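First the structure, in the form of structure tokens, and then the observations on it.
The values are calculated or read from the model by the stated rules, or taken from the named source; none is laboratory data. Keep in mind that this is a model prediction, so the values were computed, not measured. Note that each Cβ is placed from the backbone with ideal geometry, even for glycine, and that neighbours are counted across all protein chains shown. Heads up: the accessible areas ignore ligands, DNA and RNA and are worked out on the full protein's heavy atoms, side chains in. Shrake-Rupley method; radii C 1.70, N 1.55, O 1.52, S 1.80 Å.
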Amino acid sequence: LSVSIFPNPANETVTITGEMTGIVSVYTVNGSLLYTSLKTNSNLEVDISEWSAGVYILELKAESGLQRTKLIKE
């Protein structure tokens with residue numbers, strides 16, 4: 001998968017860019033699902049302003065594969 005997540009670390013919103021369609025999920029480090037959405041070929045903006053500061057796992061699942069990235073909320 002060829003996607004970018006910025007800014008990272010972030011305070012208010014995170015933008016996910018890239019030419020892919022799939023499911024975007026964000027999990028706490030304990031494995032609890034916090035957010036999920038469908039990402040199409042357009043950019044996806046995720047509001048993280050209400051989340052606690054810390055490290056989260058952002059998972060992108062598409063036909064072409066699976067990508068996991070650390071997302072840091074300041």
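Structure data summary
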| read-out | value |
| --- | --- |
| Modelled label reach - Leu33, point 7 Å along Cα→Cβ, segment 41-61 residues with backbone N closer than 16 Å | 57-61 |
| Accessible heavy-atom area order of Leu34, Leu58, Leu44, highest first, probe of 1.4 Å | Leu34, Leu44, Leu58 |
| Probe 1.4 Å, accessible area per residue of the chain, Å² | 59 Å² |
| Radius 15 Å from Cβ of Arg68, net charge of other residues (Lys, Arg +1; Asp, Glu -1) | +2 |
| Inter-part distance where segment 32-58 and segment 1-19 are each reduced to a Cα centre, Å | 9 Å |
| Charged-residue dipole, Cβ positions (Lys, Arg, Asp, Glu), the chain about Cα centre, Debye nearest 20 | 240 debye |
| The chain, accessible surface, carbon-and-sulfur percent (1.4 angstrom probe) | 48 percent |
| Normalised contact order of the chain, rounded percent, pairs of Cα under 8 Å and 6 or more residues apart | 34 percent |
| Simple spin-label estimate for Glu50 and Thr13 in nanometres, 7 Å along Cα-Cβ | 1.6 nm |
| Spatially proximal aspartates and glutamates relative to Lys73 (Cα-Cα < 17 Å; intrachain offsets below 8 disregarded) | Glu12, Glu45, Asp47, Glu50, Glu59 |
| Accessible area (Å², 1.4 Å probe, nearest 10) - Ser64 | 90 Å² |
| Solvent exposure ordering (accessible area, 1.4 Å, most first) of Ile16, Ile57, Ile23 | Ile23, Ile57, Ile16 |
| Surrounding net charge for Tyr35, when Lys and Arg each add one and Asp and Glu each subtract one, Cβ distance under 13 Å | -2 |
| For the chain, alpha-carbon Rg relative to the globular expectation (2.2 N^0.38 Å, N residues) | 1.00 |
